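Quick notes on the structure that follows.
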Amino acid sequence: MAELATMGICEIRAGLAAGEFSALELAEATAKRIEEIDYEQGGVNAFLEFTPEVAREAAAKVDARLAKGDSLTDIGPLAGIPMAYKDNMNLLGTRTTCGSRMLENYESMYTATCVQRTLDAGAVPFGKLNMDEFAFGSSTETSAFGPTRNPWDLERVPGGSSGGSAAAVAAGLLPATLGSDTGGSIRQPASFCGVVGVKPTYGVVSRYGIVAFGSSLDQVGPFARSVEDAAYVMNAIAGHDPLDCTSQPVSTDFTANLAEGAFGMRIGVVPAFMEAEGLSNEVREKMAEVANALKSAGASLVEVDLPHAQAAMSAYYVLGPCEAFSNLSRFDSVRYGYRDPGHADLGGQYEASRAEGFGPEARRRIMLGSYLLSAGVYDKYYYPAQQVRTLITEDYTRAYEKCDVILMPSSPRTAFKFGEISDPTSMYLSDMFTISLNIAGNGGMSMPVGLGKDTNLPIGAQLQAPQFKDENMFRAAAALELIYGKAPIAPRYAESAGE
């Protein structure tokens, strides 16, 4: 049996049901592993706030219910499961910093719906996880509290902006975490860290209580080391929330069709994407291998076209900064956020507080959004970007008339070294295969499919599904998992996990 602290959700559920260990024993083992790995000198640095006492209390409640005779089904799909949350998700009693000095001391006054639903399902909360400041980034290097390191190679980035969430799972600290995805911030770090990462269809999971980056683009989803584990988390967090007007009623059981295999599925491939500039040879070859693996499993490959996808990056970097500018205007040092002392006038206080509270990437996006929404510029950029959004959405609709799932890379390359990409535009290209999905609102997930032959680092295959048919991508991912196996714990930390 694998070490207690590094079990997956399905293993934990089986062990708890059989009485092999208690939820409190699991919580103690998890806390010890986090302390040893995340806080060691030069460790992963996935956590911004660690809450072992809160976790112990929650675990004790699960044990009490089990002792009373309640079943795991009675308690919920995440009964006793250790979890943690990206630090843009409010959790009462913790700080919600968004990786920014602007909110360094902000204490959550309520709990986000997605977090509350995991708690209601029996999850054991271990705290808040590192991220790019306000989710602005693709490497977790923009966090004001230091970068998270990739467990596969501590000199490399874990991806972003949900880097802490991905790294915590890859290092075997937790069986599952929550992240958010605005342009690839779940799928890209999942690829870099070699874990499963799910960005559901927009509206499947409530955004209430999430500090917004792009309100029309953001979506919450899980990280896990197996497709089934991710499905259990989705079962807990999906569904309509009256506090979020964009959320939709969802009754899908995401575990229901995992055993069906890929036989009979139509897998869409986009030939033009395989010739994209910036796509590494090892990722290109791996995607061809994955397509053939699905074909061998009984699926058929269908060529589809997404002709306006090349414009997705341009549209995103108009829409995203405009929404970010609007959402971050509330952090003005009066209502929320860091306040620079010693100013006699309000204007001076605003300027100094925002200049010092926000980091360089946040300031860059605020200024860009301010410009794009200004008079004389709005009609030239923002309105055409919305038109492009419509075209991209229509492209996906036509493509899904031919296929059930679209296969493409999660990232054009494997994880890069810290400081290797300093140019913002080059960094933005890390999300070249993920952004169009947020613009269209469809569901997508990254599935680990082994290591690159050149870098020996994880590569993720991205599976994209039609709106509100996310079960399609779960089924295809489960079929791939039979071929490539569940996500392993990163080798540096696998020995202590008993692997």
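The values are calculated or read from the model by the stated rules, or taken from the named source; none is laboratory data. As the structure is a computational prediction, the values presented were derived from the model and not from experiment. Cβ atoms come from the backbone with ideal geometry, glycine included; neighbour counts cover every protein chain shown. Surface accessibility is based on the protein's heavy atoms, side chains included, excluding ligands, DNA and RNA. Shrake-Rupley method; radii C 1.70, N 1.55, O 1.52, S 1.80 Å.
Roughly to the nearest percent, how much of the accessible area of the chain is carbon and sulfur, given a 1.4 Å probe?
Carbon plus sulfur share of accessible area: 51 percent.
Which whole-number percent gives the relative contact order of the range 369-499, counting Cα pairs below 8 Å spaced six or more residues apart?
Answer for the range 369-499 is 24 percent.
Pairs of Cα atoms under 8 Å, at least six residues apart: use those to get the relative contact order of the range 394-456, whole percent.
Relative CO of the range 394-456 lands at 36 percent.
Hey, what number do you get for the chain at 222 nm if only DSSP H runs of n ≥ 4 count, each worth -39500 (n - 2.57), divided across all residues, to the nearest 500?
Dividing the helical sum by the residues of the chain leaves -11500 deg cm²/dmol.
About its Cα centre, what dipole magnitude does the chain give when the only charges are +1 on Lys and Arg Cβ and -1 on Asp and Glu Cβ, stated in debye to the nearest 20?
In debye, rounded to 20, the chain gives about 520.
So for the chain, considering every pair of alpha-carbon atoms, how many percent are separated by more than 39 Å?
Value for the chain (Cα pairs over 39 Å): 17 percent.
Could you work out the relative contact order of the chain, using alpha carbon pairs under 8 angstrom and six or more residues apart, expressed as a whole percent?
18 percent
How big, in percent, is the set of alpha carbon pairs in the range 291-410 lying more than 22 Å apart?
Counting every Cα pair in the range 291-410, those more than 22 Å apart make up 56 percent.
Within 10 Å of each candidate Cβ there may be at most 10 other Cβ atoms; applying that plus a DSSP loop requirement, which trypsin sites (Lys or Arg not before Pro) in the range 300-354 survive?
Passing both the DSSP loop test and the Cβ count: Arg335.
Given the options Pro222, Phe126, Val169, identify the residue whose Cα lies farthest towards the positive end of the charge dipole of the chain (+1 on Cβ of Lys, Arg; -1 on Cβ of Asp, Glu).
So the residue we want is Pro222.
Averaged per residue, what accessible surface does the chain expose to a 1.4 Å probe, in Å²?
37 Å²
Contour minus end-to-end for Arg364 and Ser329, with contour as 0.36 nm per residue of separation and end-to-end as the Cα-Cα distance?
11.2 nm
Note the per residue figure in Å³ for the convex hull of the C-alpha positions in the range 340-485.
Hull volume normalised by residue count: 177 Å³.
Pick out, from Val211, Ala293, Tyr232, the residue whose Cα sits farthest towards the positive end of the charge dipole of the range 196-342, with +1 on the Cβ of Lys and Arg and -1 on the Cβ of Asp and Glu.
Among Val211, Ala293, Tyr232, the one farthest towards the positive end of the dipole of the range 196-342 is Val211.
Any chance you could count the Lys pairs in the chain whose alpha carbons are under 18 Å apart, treating pairs 8 or more apart or on different chains as valid?
Close lysine pairs found across the chain: 10.
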